[in-house]
Every structure is written in C-alpha cells, then in structure tokens.
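Data block below; observations after.
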Amino acid sequence: MNAALAMMMTTKHLRRNSSTNSNGVLTDSTNINGFVVELWDERLVRWIFKTYPETALNVQCQNPEQRTYFMNVLLYTIRILVHKRPLSDAELITTSKNLRYLTEAGFKVEWLWSKLEMKKHEAYLDRKKRDSCEARIVKLKLELKKLDGAMSGLKAELKNEEAKLNPRSFRNLLGNCFCL
C-alpha cells in the first residue's frame, strides 16, 4: 500500500473547526484527507474513503475552497444516486454532468457511473411503463366513447319502442298536438 493511500485511510490527521459560512452562520466542520466537510457529512465521507480509497487520490487541486466544493458535488451526487425513487431526466443529466466534472478534477468515480447507468435503465423502464399505460388509457377512452354512442342510440330506440307500446301516454298526446 503506497504512502498516500495509507495517509488517506488514517483518521489521525483529522481537524475539527468552527467557522462561519457565507451567510454568517457558525458551522462545525472537519478536515478529512484534505477535504473540509460539515460534521453531518463526516460519516458519509469516511465511508467513501474506506470503501473506495482511490476516489480522491488523483485530485490535484490544492485550494481548500475548491476541494470542499468538489467534495460537496460528490456528496450531492451520491445522495441523488442512492434515492429509491426513479430520477427525473433533469436529475439524470445533472448527475451525469457532475460525474464528468468530478472525473475531470481527478476523482475516480467509476463506481458512481455504474449506479448512474442503473438509474438510467430504471428511468427507461419507468418511462416505457408510463407510455404503455398512457396508450392503454387512450384506447380505453376511445372504446368508452364508442360504447357511449352505441348506448345513446339504444336508449333512443328503447324510448321509441316504449312509445309504440303505450300510444295514449301524455307525451304522445302532447307530441301529436304540438309536434314533439
């Protein structure tokens, strides 16, 4: 195991800070492997470096704010990809752009590309199912419209037959007098 990988996996170079964010709100953050992360993200970042230690080995950027930005993009992308619900087309596009951006920055995120491909496949299947249901709905509405037309014709025919049975009904008398 090379020295950089060993350093990435250790947690002894951990530093906790309290700082103010851009809104002037005091936030607690920690430095993990050169990335400043909020305390609520600490477990996820540790999991990333433990499970996929090569993820940030090739990141060349030394600017702490930019490194933090990259980490936030990575965390956002992971959270999007682990959702149980199907992703919208906009989310799929954004996630794809984020992964390209992270790859260009030196992150090794092949494991997330495979998750994105799974989500794209799920979205395709959902879209196919939705399109099939919508087509079936259109077909059923057309059938219903035809049946409504047939039913209206049958109702009129029924009224005519009933009128023939009872020629002395009030309606027939009115019809004969007022041409109804």
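No lab work stands behind these numbers, since they all come straight from the coordinates. Keep in mind that what you see is a predicted model, and the values were worked out from it rather than measured. Counting neighbours? That spans all protein chains shown, and the Cβs are built from the backbone with ideal geometry, glycine included.
Working note: Karplus 6.51/-1.76/1.60 with θ = phi - 60° gives the range 146-156 the couplings 4, 5, 4, x, 5, 5, 4, x, 5, 5, 5 Hz, where Gly and Pro are set to x. State which entries of Lys97/Lys128; Lys119/Lys141; Lys84/Lys145; Lys97/Lys141 exceed 30 angstrom in Cα-Cα distance in the structure shown. Over 30 Å Cα-Cα: Lys119/Lys141; Lys84/Lys145; Lys97/Lys141. Among Phe35, Phe70, the ranking by other beta carbons within 10 Å of each residue's beta carbon, starting with the fewest, stands as Phe70, Phe35. When its C-alpha radius of gyration is set against 2.2 N^0.38 Å (N residues), the range 49-157 gives a value of 1.85.
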